[in-house]
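Please treat every number below as a calculation from the coordinates, not as lab data. Small disclaimer: the values here were computed from a predicted structure and weren't measured. In this analysis, Cβ positions are derived from the backbone assuming ideal geometry, glycine residues included, and neighbour counts consider all displayed protein chains.
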Amino acid sequence: MRKLIYIFLTLCIFSSCVQNTKTKQQDLLTRLNETAEKGIIYFGQQDATVYGHFSTCWVNADFKSDMSKICGNEPMILGFDLGGIESGDSLNLDGVPFSAIRNAAQTHLKKGGIVTFSWHPRNPVTLSNSWDTTAIVTADFEQIKITLKPWLKNVATFLNSCLTSCCDSDKNHQIIFRPWHEHTGWWFWWGQQTLTKEHYINLWHFTYSEIMNSLNRKDTKSILWAYSPNLGVNKDTYMERYPGDNEVDILGFDCYQFGADPTSYINDLNKTLAFMTELGYEHKKPIALTETGNESLQTPNWWTEVLLPVIEKYPVSYTMVWRNAYDKPEHFYVPFEGEASAEDFRQFVSNKKIILLENK
Ligand code: BMA
């Protein structure tokens, strides 16, 4: 009898260890992959906890995000932009101190939230901004890589600083990095009008190896890489500049509704998410709507009648809307207090498929 009790207790201890290890090993990729099985979608916003419509956390001590003022919760996915880090600036391209970004990212990771970084770096030839597409076509690509090398080091140093000091020793925090986004458009210097397909893929490989080599924690994968073409692609053109399964973890897509009429947005989303669902199965990767929104929320009930009915049909792991600028009255994507779509937004986030941080 004693022996039986002993065996039983040993089994219990063993199974609880397995359980613990499983929880610890439940990495970000697993979380994103499981959303499809669970029928859930993580919801996100760019810069949500560092500023909102006419307020900033680094100036107001009592800052609360627009989202939490409207619905009591923060987004599960929190996006930030690293534009400016390449030159060692202390503020990013939208005037946000990198110290505030680091604090907000660490706070969010500790609470179990998911952090994603995009990067709008300067034009490496003219040193003007990302939207300056001049001088790239005629530049020597090897020279561009020489300029980018220390820039990438700065990115990796910042990512390391977000990941290391926030980590409990037994937790492997991870972040999503989404460089060279919307490259199927014409507006960035890394876009398809400026870089050849070979150069774009080469740029991705170079970025991947420079950053991976500079990470502090090499024992585990600290970064998931998201690839995100923009509106206007079909299944072939989506994959035309794909750098390969080894260097991409998430298949993303950036798509905005311009103006008040949602018709073409709905069509584009349906068309693209349908072939992305196939690509997700084929490449065994989660899919995500990495940037979306309707600036100034011009369509009534946009959340429950436009966005939700489309995304809930596909295995979208997360959807992230863009920022509520603190200094541009029209540039907002989530309602703030008193804004007309606040009630519709509350309804949207109360749908059990939509997951915010700590709300379910
Ligand atoms: C754009 C706009 C710009 C901003 C940029 C990077 O879509 O929001 O105002 O500078 O993203 O965040």
Checked region 29-66 for anything over 16 Å from the mean Cα position of the chain (by Cα), within 23 Å of residue 91 (Cβ to Cβ) and touching a residue at least 60 places away in the same chain (Cβ under 8 Å); matches are 51, 52, 53, 54, 55, 56, 66
Residue by residue through region 109-144, note down the ones that are among the hydrophobic types (A, V, I, L, M, F, W, C), more than 13 Å from the ligand (Cβ to nearest atom) and not in a loop (DSSP other than H, G, I, E, B).
109, 114, 115, 141, 144
Take residue 163 and decide whether it is hydrophobic (A, V, I, L, M, F, W, C) and in contact with a strand residue (DSSP E or B) (Cβ under 7 Å, 6 or more places away or on another chain).
yes
Based on what the data block shows, is residue 314 part of a loop (DSSP other than H, G, I, E, B) and within 16 Å of the ligand (Cβ to nearest atom)?
no
Please determine whether any residue of region 281-291 is among the charged types (D, E, K, R) and under 27 Å from residue 50 (Cβ atoms).
yes
Run down 245, 254, 261, 268 and say which single residue is away from the ligand (no atom under 16 Å from the Cβ) and under 19 Å from the mean Cα position of the chain (by Cα).
245
Would you tally the residues in region 67-108 being free of Cβ contacts under 8 Å to residues at least 60 places away in the same chain, under 19 Å from the mean Cα position of the chain (by Cα) and in a loop (DSSP other than H, G, I, E, B)?
5
Taking the residues in region 114-128 that are within 24 Å of residue 252 (Cα to Cα) and of a type outside the set (Ser, Thr, Tyr) as candidates, determine which candidate is surrounded by the fewest Cβ atoms within 10 Å (Cβ to Cβ).
120
